[in-house]
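The structure under discussion appears below in the form of structure tokens.
A short reminder: the numbers here are calculations on the coordinates, not readings from a lab. All values reported here derive from a predicted model rather than from experimental measurement. As a convention, Cβ positions derive from the backbone with ideal geometry for all residues, glycine included, and neighbour counts pool all protein chains shown.
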Amino acid sequence: DIDGDGDPDVVMGAQGNDKVAWWENDGTGQFDLQHVISLEADGAQSVFAIDLDGDLDLDVLSASRLDSKVAWYENLGGGEFGPQQLISTNAYSAFSVYAADLDGDLDPDVISASADDDKIAWYENLGGGNFGPQQIISNNANYAEYVTAADMDGDLDLDVLSASRLDDKIAWYPNDGSGNFGTPVNVTTQADEVHAAYVADLDGDNDLDVLSAGDGGDLVAWYRNNGAGSFGPQQVLSNTQDGARSVTAVDLDGDEDLDVLALSSFDGKLAWYENLGSGNFGPQQIITEQVGNGSFVTAADLDGDETPDPIALFTGNNRTAYFPNNGDGSFEAPIVISKQIDRPEAVFAADLDGDGFLDMLTAATFDGKLVWSRNTGNGNFAPLTTLTDQFFGATSVYAADLDLDGDPDVVGTASGSSGLSWAENLGGGSFGPVQTIDNFLSGAIDVIAADLDDDEDFDLVCAANTGDLINWYENLGGGIFGPPQLVSANVDGVNSVFAADLDGDLDLDLLSASQNDDRVAWYENLGGGSFGPQQT
């Protein structure tokens, strides 16, 4: 509960855009608002929420792989966060972060697992949001990807447990209660290419067993704690989750024991295994296998019906969703929390659905998406709706009523084969297919709509930095555009264009900005769609 309103929110890290963010729950399990905490976690790999500074709200921790950072972000109240505060830059390829009171002083310390230095380490909480230097628990966890803390031996202090992929090992490190750790104890060395583990009492004997997920055999397995932290052999729940990636334990069917929930990467399968009691489990029950590249699973009651809902992150389509639990082990269709877009390049605001609020258009370069988000009022935005995912190399987006039917259509440019294209607004926020205006315009970088020939419709002006061109396209009516008409071919590294009546003669002249010659220039509209030479 990041904002203190009594319902569970969702916190995520995204390695593609270095983002740590949280999504606000409206109390009914709908997640319309993304709140960015930081864009400085380079290759964000793991996040954890806990009160680090003792002010009774939940701060956020992150581990980021590409800058080897373990960092935290102070919750200033109401879900507003302060800047990134570094705990360490010495966890090489930081993969996992967790917090728990390791030294018995009643504040949470921080634990990290880092892959490139095979290191499990902890950082003492000194109070007031300050942390001590890195203290190494082990540097022999070959490609460590996971860390947590739990009382593995029943001595009432929190030990540390890690999973490391290249040695197929899950191990735990006995804590003497003051943050001093003994010789590691192997849970298993047979967790083939293990990615994740989870600690829970699976057999109801009041000690903590261990779950694992690994893709080297597609195994979801568990290991019985025989007492005092010694473990029995691997017990396989499934070897059919292709690329098993993440696992957790939660009571999904309301019978007061912990079932197993697992997610796999290669087949995108989210499945659960019913706990039948005494460490016996039923067959695999599939919740979904329609989404590829599963990477992380957890569970929480997101919709307030007192049943835990599975929450899964699918990197194949950059989507996070939860599956409402009916309480009996059956699940409703997924509700999307976040649909990410890959490298957003341009935005534009326009009332696309005619409700009087300005909606948001976005063009994304890497995944070729033109998307829009409905403004639901008070600056809140609904999840993204995709107009197209074939607009690769997107560079700009604009909205104007191109067909004169009373609603704004969408026009955009892309540096790839899409060139200059538009999509008709069909009303109510629905759009027709994307239609190409000029697919020979290499390096298209910017587009605007303006009435250049004074015939009371919107023509288009487009800049292309391949050829240093500015062209305009006459609107012939009904969404049909004429061939390109050259304004200038001498705009070295053109980046941007704009239209305004600069000379007061009641027609629209053009402006340009170009980076290679450091020039801002204008072009006089001579009437009838003709333009004068470049004037700096």
> From the square roots a ≥ b ≥ c of the eigenvalues of the alpha-carbon gyration tensor of segment 13-107, which class results: rounded (a/c under 1.5), prolate (a/b over b/c), or oblate?
Replying inline: oblate
>> Quick check: from the Cα gyration tensor, does segment 449-527 come out rounded (a/c under 1.5), prolate or oblate?
In response: oblate
> Which order do peptides 513-519, 473-479 fall in by mean Cβ count within 10 Å, highest first?
Replying inline: 473-479, 513-519
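Would you list E456, E74 from fewest to most Cβ contacts within 10 Å?
Going from least to most buried by this count: E456, E74.
Can you give the local net charge around N516? Use residues other than it whose beta-carbon is closer than 11 angstrom to its beta-carbon, Lys and Arg +1, Asp and Glu -1.
On the way: positive: R519; negative: D468, D492, D517, D518.
Neighbourhood net charge equals -3.
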>> As I understand it, the dipole of segment 41-271 uses +1 on the Cβ of Lys and Arg and -1 on the Cβ of Asp and Glu, about the Cα centre. Which of I170, A144, Y98 lies farthest toward its positive end?
In response: A144
> Separation between the R519 and D5 pseudo-spin-labels, each 7 Å from Cα along Cα→Cβ, expressed in nm?
Replying inline: 5.2 nm
>> To make sure I understand, if each residue's beta carbon is the centre and we count other beta carbons within 10 Å, what order do D103, D454 fall in, fewest to most?
In response: D454, D103
> How big is the chain by Rg and Dmax over its Cα atoms, in Å?
Replying inline: 27.8, 89
> About the Cα centre of segment 41-271, what is the dipole size in debye to 20, counting +1 per Lys and Arg Cβ and -1 per Asp and Glu Cβ, all else neutral?
Replying inline: 960 debye
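As an exercise, use a Förster radius of 35 Å and the Cβ-Cβ distance of D454 and V336 to find the FRET efficiency, rounded to the nearest 0.05.
On the way: r = 46 Å, r/R0 = 1.31.
Calculated value: 0.15.
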> Taking the Cα centre of segment 344-531 as the origin, how large is its charge dipole in debye, to the nearest 20, when only Lys and Arg (+1) and Asp and Glu (-1) carry charge on their Cβ atoms?
Replying inline: 960 debye
> Amide H to amide H under 5 Å from I87: which residues, 5+ apart in sequence or cross-chain, H placed 1.01 Å off N in plane?
Replying inline: V70, A71, W72
>> Please list, ordered by chain and number, the residues whose modelled amide H lies under 5 Å from the amide H of I445; skip anything fewer than 5 residues away on the same chain.
In response: A463, A464, N465
> Taking Cα centroids, how far is segment 261-295 from segment 450-480 in Å?
Replying inline: 54 Å
> Charges only on Cβ, +1 for Lys and Arg, -1 for Asp and Glu: so what's the dipole of the chain about the Cα centre, in debye to the nearest 20?
Replying inline: 1960 debye
> Do the alpha carbons of any pairs in K69/K169; K119/K269; K169/K269; K119/K369 sit beyond 29 Å of each other, and which pairs?
Replying inline: K119/K269; K119/K369
